[in-house]
1. Among the residues of the stretch A:220-236, what is the count of those that are closer than 16 Å to residue A:284 by Cβ, free of Cβ contacts under 8 Å to residues at least 40 places away in the same chain and touching a helix residue (DSSP H, G or I) at 6+ places or on another chain (Cβ under 9 Å)?
2. Working only within the stretch A:13-47, note down all residues that are closer than 20 Å to residue A:360 by Cα, more than 14 Å from RNA strand B (Cβ to nearest atom) and in a helix (DSSP H, G or I).
3. So which of A:105, A:181, A:85 is surrounded by 14 or more Cβ atoms within 10 Å (Cβ to Cβ), of a type outside the set (Gly, Ala, Ser), touching a Ser or Thr at 6+ places or on another chain (Cβ under 6 Å) and assigned to a helix (DSSP H, G or I)?
4. Name the residues in the stretch A:113-135 that are of a type outside the set (D, E, K, R), assigned to a loop (DSSP other than H, G, I, E, B) and either surrounded by 13 or more Cβ atoms within 10 Å (Cβ to Cβ) or over 24 Å from the mean Cα position of the chain (by Cα) (or both), would you?
5. Taking residue A:2 as meeting all but one of (1) within 12 Å of RNA strand B (Cβ to nearest atom); (2) modelled with pLDDT under 90, write down the number of the exception.
6. Report the residue count in the stretch A:375-418 for those that are assigned to a helix (DSSP H, G or I) and buried (at least 19 other Cβ atoms within 10 Å of the Cβ).
Amino acid sequence: MFDIKLVRDNPDFVRQGLANKNERDRVDEILQLDENRRKLILETDELKARRNQASMQVGVLKKNGEDASAIIAEMKRVSDEITENDSKLRVIEEDLETILLSIPNLAHESVPVGKSADDNVEVRRWLPEGFSFEKPEYQIDHVQLGKKLDILDFERATKLSGSGFPLYKGKGATLERSLINFMLDFHLQHHGYSEIFPPFLVNKESMRGTGQLPKMQDDMYWAERDGLYLVPTAEVPITNIHRDEVLNEAQLPIKYVGYSACFRREAGSYGKESKGFLRVHQFNKVEMVKFAKPENSFEELEGLVRDAEDILQALNIPYRILMLCSGDLSFSAAKCYDIETWSPAEGRWLEASSCSNFEAFQARRANIRYRKEETKKLEFIHTLNGSGLATSRLMVSMLENNMTPEGKIVVPKALHKYTGFEVIG
RNA sequence: GGAGAGGUGGGUGAGUGGCUGAAACCAACGGUUUGCUAAACCGUCCUACUGUGUAAAACGGUAGCCCGGGUUCGAAUCCCGGCCUCUCCGCCA
């Protein structure tokens, strides 16, 4: 949720920030509502104070057997006025909340200002020994590979669920499962996370808490009868674990890692990019979530990115890190690094991870606070999350980069103990 | 799905419609006492919004006893609707 105080205290800063994010400027609207709200509160609170006093008098008078009808008659009028004011106030506050819930987080000062993905900045890249961008003659894409080796069956999957729902078979299924287990174990053993296995259906409050609602409503699967949404990412259930809680400063940062299947309707995005794994409605992802103190959340973000990178290096997959520009940041993020892996067949980079710091944006929505030892005050915590990683795009790069001239797949060494085989085909 | 019980502050748990932010106890924190620890005693001990105001503070008002309505001059307390938890029964992986 956008911080009303920031708008109140620093409207021009907010205006600029919204412009940097290609966002409509609603500052004046907010200020106007805020002013009306406060005026009304002041007025109504005074009436209520009067009523409280009078009610006390009535009590005393009645106890002494005296007549209180004059006060009661007057207070009846006052109460009516209060009721009226309260309903006006409710309308104003609803309007205000609607606006504040729909305004995205502002970019952090370290984020480059830019309009679109073209303005993202490559921070670094990592390439395996002997890697070349040159596409080998024998190279075929992951869809063809999957078919030829009978490990992926996109055609039959359509029969089951429609397009965009992958079906893994045989060693392909084993490979997928191994990848998930490998990533979870890696983060647990080397990066100090604790493991979560979250529910895959969550309620509206959870979706609003992390910022998917209201904006992404149409991109989510909605089980209407039960009022539940299929999770688009484990970020939602894992972050909401601490919704409406006060955390101890001493236990921070809290670091969770968890797997979930992820469900996205991807409404209106069919097109050339939707082949095979490139855009799917269901995919698997291992997600890292951190609850951090505000003063070091940006350091925690750097660590988060490194944790994801470690996986890719262990798997020997070429990748690059992008810092997203202000205009390309997602709704809730203040700063975000995308990790993209190389696809030889596509001849381009594919987004396999997104690591973001949301600052207090989600915490305000989900009401996640901590008690600061120094001041004894409650403050909103900073939340972060990053994919570590999504298997679908990763699988594309892994299959294609490990293809031999004979059309086999060499399984990365790190996965051998999970798969029980070293070659597919 | 059926029947019943219940939802009060960090916890346990009181609360005849009026002076109840809410007894008491526990926990926590500060202090006194004290060779040390403990005990005892005293004190502090919710949050949000809002106003005056400050370097920080401080002080005042309003609201909050699961949520939302209603009755009333006045609701934790009465009424209606909903949600959730627990127990038993049924169904089922």
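1. Residues that pass the stated criteria total 3.
2. Correct list: A:13, A:14, A:15, A:16, A:17, A:18, A:20, A:27.
3. Result of the check over A:105, A:181, A:85: A:85.
4. Scanning the stretch A:113-135 gives A:113, A:114, A:120, A:127, A:128, A:130, A:131, A:132, A:133.
5. Condition not satisfied by residue A:2: (1).
6. Going through the stretch A:375-418 one residue at a time, the tally reaches 12.
One line per residue, one yes/no per condition, for (1) hydroxyl-bearing (Ser, Thr, Tyr); (2) over 50 Å from the mean Cα position of the chain (by Cα); (3) more than 9 Å from RNA strand B (Cβ to nearest atom):
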site: A:55; (1), (2), (3): yes, no, no
site: A:58; (1), (2), (3): no, yes, no
site: A:76; (1), (2), (3): no, no, no
site: A:81; (1), (2), (3): no, no, yes
site: A:85; (1), (2), (3): no, no, yes
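Matching residues to (1) of a type outside the set (Val, Ile, Thr); (2) closer than 25 Å to residue A:5 by Cα:
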position: A:59; (1), (2): yes, no
position: A:64; (1), (2): yes, no
position: A:102; (1), (2): yes, yes
position: A:111; (1), (2): no, yes
position: A:116; (1), (2): yes, no
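The values are calculated or read from the model by the stated rules, or taken from the named source; none is laboratory data. Computed from a predicted structure; not experimentally measured. Note: ideal-geometry Cβ built from the backbone for every residue, glycine included; neighbour counts use all protein chains shown.
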